[in-house]
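Report on one structure; see the data block that follows.
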Amino acid sequence: MDMTQHVQSATRAQNLLDLLVTVTRVRVDDAGLVSDHRLVAANISVYRRAVRAVPKSFRPIRKIDTDEFEQSLRNSELFISPATTVDGFAEQLERVVVVELDRVAPLKHCRRRPSKPVARWLSQDAINAKRERRRLERQWRRTQLDSDRIAYRQVCRRANKFINGSRHNFYRDQPTTISDPRDRWKLTKNLLHSTDPPLNRTELENTKLCSSFSDYFSNKIIKLKQAVAKDKLFHPTHLSADCPHLGTSFNTLRRVIPTEVLKIIRALPPKSSPLDFIPTSLIKSCSHVFL
């Protein structure tokens, strides 16, 4: 296949355990002896998937008049003719609230690019060079002069030099400042980007992923129940019954008072999931209507 095994030096103790079969030049480095494995370094051409803009849906919650929204809910069937069952009232609540939100804050759709990771390793010189590069780029695009283009390209090369130097110095000094093995392993995973989540999933893909997780664990519980029932059928002596409870029976729930619900609502973190039909911030703003 015209491929060569380039690693010729031992990569762990005296053994050659890590292989790299490519057509590139390979170097084996002890990397400061941060691990019992040596570092295999090589330049490899890889395909980098372009970050795509993800469709998003949102409601302009800040434009809602909360007093008017509360009054509309109080005049709705939620208060006039509420459902008599828990499931029925939950469905009624979602339906009425969504209809009212569609009236006062209809869904808007847009496409957003995922946010870039925070570059904490940038030095002040690199930050200043990036600002100067952006300023000269705007100037060149406005004037279209060749002199501005030359100045812009010169600053680009200088900014790239500062940025690459900042990144190199940061990641070179990081392993030497960490002594705890757990923190060192965390840094290694961060450098290898092994824990970075994909940032370009759509809402539909996220919904399907959540459904697949839910189906997996639901099916697992069903299989466990079937296995326990089958084992109990064939080996009734292996599964002993639970010890009988001798204390007071727990067959009723204490009635919840509005102040307790209000306390829980006010303690909610201001975060919402795309699957929530009403944002948490709106629930906290109109907390009295949801008691």
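Taking 1.567 mPa s as the viscosity and 4 °C as the temperature, the Stokes-Einstein diffusion coefficient of segment 120-195 based on its alpha-carbon Kirkwood radius rounds to 90 µm²/s. Holding the Cα-Cα limit at 32 Å, pick out from Lys208/Lys263; Lys223/Lys271; Lys189/Lys271; Lys63/Lys263 the pairs that are longer than that. Distance filter (> 32 Å) returns Lys208/Lys263; Lys223/Lys271. Summing charges over neighbours of Val98, with a neighbour being any other residue whose Cβ is under 12 Å away from its Cβ, gives -2 when K and R count +1 and D and E count -1. In a reduced charge model with +1 at each Lys and Arg Cβ and -1 at each Asp and Glu Cβ, segment 120-195 shows a dipole moment near 280 debye about its Cα centre.
Throughout, read-outs are computed from the coordinates displayed, never taken from laboratory work. These numbers come from a predicted model, not from an experiment. Ideal geometry is used to build each Cβ from the backbone, glycine not excepted, and the neighbour counts take in all protein chains shown.
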